[in-house]
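Written below as C-alpha coordinates is the structure these notes are about.
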Amino acid sequence: MKRKYEIGLIINPEATEEEVRKIIDTIAGIIEKAKGSIENIDEWGRRKLAFPIQKHKEGIYVFINTDVVGAAFLSIERRLKLSEKVMRFVILRLDDRLKKANKLTKKWRRLERISRKSQEIKEESMTNEKPKAREAKNEK
Amino acid sequence: MRSNQNNSTTSGSSNAPKYQKKFYFSRRKYCVFCKDKIKFIDYKNYKILENFVLETGKILPARVTGVCSYHQKQLSKAIKRARHMAFLKFVEPKRG
(Lines give C-alpha, C1' and ligand atoms only; values in the text may rest on other atoms or scores of the structure.)
Protein backbone atom coordinates (compact mmCIF):
# COMPACT_ATOMS: atom_id res chain seq x y z
CA MET A 1 0.00 0.00 0.00
CA LYS A 2 1.41 3.35 -1.06
CA ARG A 3 1.72 6.11 1.48
CA LYS A 4 3.13 9.60 1.58
CA TYR A 5 6.41 10.03 3.39
CA GLU A 6 8.87 12.80 4.04
CA ILE A 7 12.62 12.31 4.34
CA GLY A 8 14.84 14.95 5.91
CA LEU A 9 18.63 14.82 5.60
CA ILE A 10 21.56 16.74 7.02
CA ILE A 11 24.61 16.15 4.84
CA ASN A 12 28.22 16.84 5.79
CA PRO A 13 29.21 20.40 4.72
CA GLU A 14 32.49 19.15 3.28
CA ALA A 15 30.61 17.13 0.64
CA THR A 16 30.69 18.48 -2.91
CA GLU A 17 27.60 19.04 -5.05
CA GLU A 18 28.17 15.78 -6.90
CA GLU A 19 28.23 13.81 -3.68
CA VAL A 20 24.99 15.44 -2.56
CA ARG A 21 23.40 14.50 -5.89
CA LYS A 22 24.68 10.94 -5.53
CA ILE A 23 22.95 10.57 -2.16
CA ILE A 24 19.69 11.93 -3.58
CA ASP A 25 19.95 9.71 -6.66
CA THR A 26 20.51 6.57 -4.59
CA ILE A 27 17.35 7.30 -2.61
CA ALA A 28 15.47 8.05 -5.82
CA GLY A 29 16.72 4.79 -7.36
CA ILE A 30 15.45 2.71 -4.45
CA ILE A 31 12.09 4.48 -4.62
CA GLU A 32 11.78 3.86 -8.37
CA LYS A 33 12.57 0.18 -7.85
CA ALA A 34 9.67 -0.03 -5.39
CA LYS A 35 7.40 1.61 -8.04
CA GLY A 36 7.03 4.77 -6.02
CA SER A 37 7.18 8.38 -7.15
CA ILE A 38 9.05 11.45 -5.96
CA GLU A 39 6.75 14.43 -5.51
CA ASN A 40 9.13 17.13 -4.41
CA ILE A 41 12.77 17.72 -3.55
CA ASP A 42 13.59 20.69 -1.33
CA GLU A 43 17.24 21.72 -1.16
CA TRP A 44 17.78 24.35 1.50
CA GLY A 45 21.53 24.42 0.98
CA ARG A 46 24.02 25.32 3.69
CA ARG A 47 22.63 26.35 7.06
CA LYS A 48 24.05 26.98 10.51
CA LEU A 49 23.29 24.24 13.01
CA ALA A 50 21.95 25.04 16.48
CA PHE A 51 24.73 22.87 17.92
CA PRO A 52 27.78 21.17 16.40
CA ILE A 53 27.26 17.67 14.95
CA GLN A 54 30.42 15.60 14.46
CA LYS A 55 32.37 18.84 15.08
CA HIS A 56 30.72 20.60 12.11
CA LYS A 57 28.95 23.92 12.64
CA GLU A 58 27.16 23.86 9.27
CA GLY A 59 25.10 21.35 7.35
CA ILE A 60 23.45 20.88 3.96
CA TYR A 61 19.70 20.37 4.34
CA VAL A 62 17.68 18.30 1.87
CA PHE A 63 13.99 17.34 2.17
CA ILE A 64 12.30 14.80 -0.10
CA ASN A 65 8.55 14.09 -0.37
CA THR A 66 7.69 10.66 -1.75
CA ASP A 67 4.78 8.32 -2.41
CA VAL A 68 6.02 4.76 -1.80
CA VAL A 69 5.39 1.40 -0.17
CA GLY A 70 6.65 1.42 3.40
CA ALA A 71 8.89 -1.62 2.87
CA ALA A 72 11.20 0.48 0.69
CA PHE A 73 12.43 2.28 3.78
CA LEU A 74 14.22 -0.82 5.07
CA SER A 75 16.88 -0.39 2.41
CA ILE A 76 16.76 3.42 2.46
CA GLU A 77 17.37 3.50 6.20
CA ARG A 78 20.26 1.05 5.92
CA ARG A 79 21.88 3.16 3.19
CA LEU A 80 21.50 6.38 5.16
CA LYS A 81 22.87 4.85 8.36
CA LEU A 82 25.92 3.43 6.61
CA SER A 83 26.79 6.45 4.50
CA GLU A 84 29.39 8.68 6.14
CA LYS A 85 28.29 11.88 4.44
CA VAL A 86 24.79 11.85 5.99
CA MET A 87 24.99 13.21 9.54
CA ARG A 88 21.31 12.99 10.55
CA PHE A 89 18.05 11.94 8.95
CA VAL A 90 14.33 11.84 9.70
CA ILE A 91 11.60 9.75 8.05
CA LEU A 92 7.97 10.78 8.62
CA ARG A 93 4.63 9.40 7.48
CA LEU A 94 2.28 12.17 6.38
CA ASP A 95 -1.02 10.25 6.38
CA ASP A 96 -1.51 11.03 10.03
CA ARG A 97 -1.70 14.70 9.14
CA LEU A 98 -4.82 14.18 7.03
CA LYS A 99 -6.58 12.23 9.79
CA LYS A 100 -5.77 14.89 12.34
CA ALA A 101 -6.76 17.66 9.93
CA ASN A 102 -10.16 16.05 9.33
CA LYS A 103 -10.75 15.79 13.05
CA LEU A 104 -9.88 19.45 13.52
CA THR A 105 -12.13 20.68 10.71
CA LYS A 106 -15.07 18.89 12.34
CA LYS A 107 -14.19 20.43 15.69
CA TRP A 108 -13.89 23.94 14.20
CA ARG A 109 -17.22 23.63 12.39
CA ARG A 110 -18.83 22.82 15.72
CA LEU A 111 -17.11 25.80 17.35
CA GLU A 112 -18.23 28.11 14.55
CA ARG A 113 -21.84 27.10 15.06
CA ILE A 114 -21.52 27.73 18.79
CA SER A 115 -19.86 31.12 18.27
CA ARG A 116 -22.58 32.20 15.84
CA LYS A 117 -25.27 31.28 18.33
CA SER A 118 -23.46 33.03 21.17
CA GLN A 119 -23.08 36.19 19.05
CA GLU A 120 -26.79 36.24 18.37
CA ILE A 121 -27.48 35.85 22.05
CA LYS A 122 -24.97 38.61 22.85
CA GLU A 123 -26.57 41.04 20.44
CA GLU A 124 -29.93 40.39 22.03
CA SER A 125 -28.54 40.74 25.53
CA MET A 126 -26.61 43.95 24.67
CA THR A 127 -29.84 45.71 23.83
CA ASN A 128 -31.27 44.55 27.14
CA GLU A 129 -28.18 45.34 29.22
CA LYS A 130 -27.96 49.05 28.53
CA PRO A 131 -30.90 50.14 30.68
CA LYS A 132 -29.58 47.97 33.53
CA ALA A 133 -26.22 49.78 33.50
CA ARG A 134 -27.97 53.13 33.72
CA GLU A 135 -29.87 51.94 36.75
CA ALA A 136 -26.64 50.92 38.45
CA LYS A 137 -25.17 54.39 37.92
CA ASN A 138 -28.23 56.02 39.38
CA GLU A 139 -27.92 53.95 42.52
CA LYS A 140 -24.45 55.29 43.26
CA MET B 1 -22.05 42.18 51.53
CA ARG B 2 -22.82 45.52 53.14
CA SER B 3 -19.32 45.83 54.59
CA ASN B 4 -17.78 45.12 51.18
CA GLN B 5 -19.87 47.79 49.53
CA ASN B 6 -18.88 50.32 52.20
CA ASN B 7 -15.19 49.57 51.72
CA SER B 8 -15.35 50.00 47.99
CA THR B 9 -17.22 53.27 48.21
CA THR B 10 -15.33 54.87 51.13
CA SER B 11 -11.74 53.88 50.32
CA GLY B 12 -12.07 54.75 46.63
CA SER B 13 -9.08 53.34 44.71
CA SER B 14 -7.84 50.94 47.43
CA ASN B 15 -7.57 47.15 47.40
CA ALA B 16 -11.10 46.02 46.71
CA PRO B 17 -11.68 47.73 43.32
CA LYS B 18 -8.15 46.87 42.16
CA TYR B 19 -8.94 43.18 42.53
CA GLN B 20 -12.05 43.66 40.48
CA LYS B 21 -10.13 45.50 37.75
CA LYS B 22 -7.56 42.72 37.52
CA PHE B 23 -10.32 40.19 37.23
CA TYR B 24 -12.10 42.08 34.50
CA PHE B 25 -9.16 43.22 32.34
CA SER B 26 -7.07 40.03 32.35
CA ARG B 27 -7.44 38.70 28.83
CA ARG B 28 -8.34 35.08 28.56
CA LYS B 29 -5.59 32.94 27.06
CA TYR B 30 -6.43 31.28 23.77
CA CYS B 31 -4.75 28.73 21.54
CA VAL B 32 -2.75 30.56 18.85
CA PHE B 33 -2.90 27.61 16.46
CA CYS B 34 -6.67 27.20 16.77
CA LYS B 35 -7.13 30.90 16.06
CA ASP B 36 -5.08 30.78 12.84
CA LYS B 37 -6.59 27.37 11.98
CA ILE B 38 -3.26 25.61 11.63
CA LYS B 39 -3.96 21.92 11.15
CA PHE B 40 -0.50 20.46 11.47
CA ILE B 41 2.58 21.87 13.16
CA ASP B 42 5.67 21.20 11.04
CA TYR B 43 9.08 20.74 12.61
CA LYS B 44 10.63 22.74 9.76
CA ASN B 45 8.93 25.96 10.90
CA TYR B 46 11.50 26.38 13.64
CA LYS B 47 10.83 30.12 13.92
CA ILE B 48 7.32 29.40 15.20
CA LEU B 49 8.62 26.70 17.55
CA GLU B 50 11.15 29.11 19.09
CA ASN B 51 8.28 31.04 20.67
CA PHE B 52 7.28 28.02 22.75
CA VAL B 53 10.75 27.26 24.11
CA LEU B 54 12.68 28.88 26.95
CA GLU B 55 16.19 30.28 26.43
CA THR B 56 17.55 27.17 28.08
CA GLY B 57 15.70 25.04 25.51
CA LYS B 58 12.93 23.77 27.76
CA ILE B 59 9.43 23.37 26.32
CA LEU B 60 6.98 25.83 27.88
CA PRO B 61 3.94 24.26 29.56
CA ALA B 62 0.53 24.76 27.96
CA ARG B 63 -0.80 26.50 31.06
CA VAL B 64 1.69 29.34 30.43
CA THR B 65 1.24 29.69 26.67
CA GLY B 66 -2.48 28.84 26.51
CA VAL B 67 -2.10 26.30 23.71
CA CYS B 68 -4.86 23.67 23.65
CA SER B 69 -3.93 20.11 24.57
CA TYR B 70 -4.49 18.94 21.02
CA HIS B 71 -1.88 21.30 19.59
CA GLN B 72 0.44 21.00 22.59
CA LYS B 73 0.92 17.31 21.83
CA GLN B 74 1.86 18.11 18.23
CA LEU B 75 4.04 21.01 19.37
CA SER B 76 6.09 18.90 21.77
CA LYS B 77 6.66 16.29 19.07
CA ALA B 78 7.61 18.93 16.51
CA ILE B 79 10.07 20.54 18.93
CA LYS B 80 11.71 17.21 19.64
CA ARG B 81 12.07 16.52 15.91
CA ALA B 82 13.46 20.00 15.37
CA ARG B 83 16.07 19.31 18.05
CA HIS B 84 17.10 16.12 16.31
CA MET B 85 17.54 18.01 13.03
CA ALA B 86 19.55 20.77 14.78
CA PHE B 87 16.98 23.55 14.25
CA LEU B 88 16.68 24.06 18.01
CA LYS B 89 19.00 23.56 20.97
CA PHE B 90 18.77 20.72 23.39
CA VAL B 91 18.20 21.68 27.02
CA GLU B 92 21.21 23.44 28.50
CA PRO B 93 21.82 24.20 32.18
CA LYS B 94 21.38 27.85 33.22
CA ARG B 95 24.56 29.89 33.45
CA GLY B 96 25.19 32.04 36.50
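The values are calculated or read from the model by the stated rules, or taken from the named source; none is laboratory data. The structure displayed is predicted, hence computed values, not measured ones. Methodologically, a virtual Cβ is constructed for each residue, glycine included, from the backbone with ideal geometry; neighbour enumeration extends over all protein chains shown. Ligands, DNA and RNA are stripped out before the accessible areas are found, and what is left, the full protein with its side chains, is counted by its heavy atoms. Shrake-Rupley method; radii C 1.70, N 1.55, O 1.52, S 1.80 Å.
Some observations on this one:
- In order through the range A:39-48: 3J(HN,Hα) via Karplus (6.51 cos²θ - 1.76 cosθ + 1.60), integer Hz, x for Gly, Pro: 8, 7, 10, 9, 10, 7, x, 6, 9, 6
- From the alpha carbon centroid of the range A:46-82 to that of the range B:37-85 is 22 Å.
- Helix A:72-82 vs. chain A, principal-axis angle (Cα, 0 to 90°, nearest 10): 70 degrees
- Residues with amide H under 5 Å from that of A:K4, placed H, sequence gap 5 or more: A:L94, A:D95
- Buried area at the B-A interface (accessible, heavy atoms, 1.4 Å probe, summed, Å²): 2200 Å²
- Ordering of A:22-34, B:55-67, B:78-90 by burial proxy (mean other Cβ atoms within 10 Å per residue, highest first): B:78-90, A:22-34, B:55-67
- Hits among aspartates and glutamates - C-alpha to C-alpha of B:K37 under 16 Å, sequence gap 8 or more where chains match: A:E112
- Tilt relative to chain A, helix A:95-139 - C-alpha long axis, 0 to 90 degrees, to 10: 20 degrees
- For A:R88, residues with placed amide H under 5 Å, excluding near neighbours: A:I10
- Per-residue ³J(HN,Hα) for the range A:57-69, Karplus 6.51 cos²θ - 1.76 cosθ + 1.60, θ = phi - 60°, Hz, x for Gly and Pro: 8, 10, x, 9, 9, 9, 10, 10, 9, 10, 9, 9, 6
- Taking Lys and Arg as +1 and Asp and Glu as -1, the other residues whose beta-carbon sits under 13 Å from that of A:G59 total +4.
- Choice from A:E58, A:E39, A:E123 showing the highest fluctuation, given a GNM over chain A with Cα pairs closer than 10 Å: A:E123
- The 3J(HN,Hα) values that the Karplus relation (6.51, -1.76, 1.60; θ = phi - 60°) gives for the range B:40-55 are, in residue order, 9, 8, 8, 6, 7, 7, 5, 5, 6, 5, 4, 5, 10, 10, 6, 5 Hz. Gly and Pro appear as x.
- Using a probe of 1.4 angstrom and keeping all protein chains present, the accessible surface of the range A:2-97 works out to 59 square angstrom per residue.
- Distance violations [Cα-Cα > 31 Å] among A:K4/B:K89; A:K2/B:K80; A:K85/B:K77; A:K85/B:K94: A:K85/B:K94
- Tensor-based shape of the range A:2-97 (alpha-carbon gyration tensor, a/c under 1.5 rounded, otherwise prolate or oblate): prolate
- Shielding score for A:44-51, defined as the mean number of other chain Cβ atoms within 10 Å: 3
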